[in-house]
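Bear in mind that the values in this text are calculations on the coordinates, not laboratory data. What you are looking at is a predicted structure, and each value in this text was computed from that prediction instead of being measured. Glycine also receives a Cβ, built like all others from the backbone with ideal geometry; neighbour counts cover every protein chain displayed.
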Amino acid sequence: MGTSTRPSPRRGRPPSYDRDVALRAIRDVFWDRGFSAASLDDIAAAAGMKRPSLYGAFGDKREMYLAALRMFSAESGREMQEALEAPTLREALEAFYVGTIEEYLSGEAGPRGCLVICTAVVEATGDATIRSALAEILDELDSLVAVRIARAKAEGDRCAAGDAKVLARLATSVLHSVAVRARAGAPRSDLLAIARATVEVIVGPASGVAPVRRASLAR
């Protein structure tokens, strides 16, 4: 396959090189096409770099992909952390799901789902390094949500009985399913309905009329 060509020794970067801008462009190619279908020509064109400069900056294709996964995980993690800072667990989980669903549906060529779930899962079977990166990212997300649920329990906020880690894995497992469904073309309303049902399992049904909130699932 053309995409498996090994890079030549690393060379210099172009004078206008901006690592973050180039990496975001590389990330988007992998996000849209997956690891195997993304050609080095596609990646170089998106990054605005010649192949020698691309290799010099990022290494081979697999190193580029792993760097893209790390960037996606870090940026998404910050956004999720911000969403989970909402005052109540219900508001936090609603913001968590709504923000992520909007990201999953944001591709210019169509819904892309999650870069990690929709591309790394495929490659993890035959690549131990990608499998390890995938497991680490999933663990980080589980921990992020578990900390918020544990905080809700400690504060006496409404929350289902059970271990915070188990409830967090339920929340994130639903998110992974939503990512796949988004990529498969499920409408926003269906994705929000799945998220709403999950919040009610973890927090309990909403009582009365919910206040209008930017991140509300009541759309």
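Pick out, from Leu89, Leu105, Ser53, the residue whose Cα sits farthest towards the positive end of the charge dipole of the chain, with +1 on the Cβ of Lys and Arg and -1 on the Cβ of Asp and Glu.
Final value for the positive-end residue is Ser53.
In debye to the nearest 20, how big a dipole does region 46-85 give about its Cα centre with +1 on each Lys and Arg Cβ and -1 on each Asp and Glu Cβ? Please list the in-between numbers first.
Values: 6 positive and 6 negative charges, 86 e Å.
For region 46-85, the charge dipole is close to 420 debye.
Helix by helix through the chain, keep the DSSP H runs that span 24 Å or more along the axis on Cα and average at least -1.0 on Kyte-Doolittle, and give those back in order.
Numbers: long enough: 61-83 (33 Å, -0.65); 128-155 (40 Å, 0.45); 164-183 (29 Å, 0.72).
What comes out of the filter, once short or polar helices are dropped, is 61-83, 128-155, 164-183.
Would you work out the charge dipole size for region 68-203 about its Cα centre, treating the Cβ of every Lys and Arg as +1 and the Cβ of every Asp and Glu as -1, and quote it to the nearest 20 debye?
Roughly 300 debye for region 68-203.
Convex hull volume of the Cα atoms in region 47-105, per residue, in Å³? Let's see the in-between values first.
Details: hull volume 5.2 nm³, N = 59.
Given the Cα convex hull of region 47-105, per-residue volume reads 89 Å³.
Determine, from the Cβ-Cβ distance of Glu79 and Ala109 and an R0 of 30 Å, the FRET efficiency 1/(1 + (r/R0)^6), rounded to the nearest 0.05. Show your work: numbers first, answer last.
Working: r = 22 Å, r/R0 = 0.73.
Efficiency, from the Cβ-Cβ distance: 0.85.
Fewest first, what order do Glu94, Glu200 take by the number of other Cβ atoms within 10 Å? Please list the in-between numbers first.
Values: Glu94 26, Glu200 15.
Sorted ascending by nearby Cβ count, the order is Glu200, Glu94.
Could you check how many percent of all C-alpha pairs in region 68-203 are farther apart than 20 Å?
Numbers: 4068 of 9180 pairs.
More than 20 Å apart: 44 percent of the Cα pairs in region 68-203.
Give a quick list of chymotrypsin sites (Phe, Trp or Tyr not before Pro) in region 62-103 that DSSP marks as loop, anything other than H, G, I, E or B, with at most 10 other Cβ atoms within 10 Å. Mind showing how you got there, number by number?
On the way: sites: Tyr65, Phe72, Phe96, Tyr97; in loops: none.
Loop-located and lightly packed - none at all.
Among Ala197, Leu141, Val180, which residue has its Cα furthest toward the positive end of the charge dipole of the chain, with +1 on Lys/Arg Cβ and -1 on Asp/Glu Cβ?
Val180
Less than 18 Å apart at the alpha-carbon level, and either on another chain or at least 8 residues along: which lysines does that give for Lys153?
Lys165
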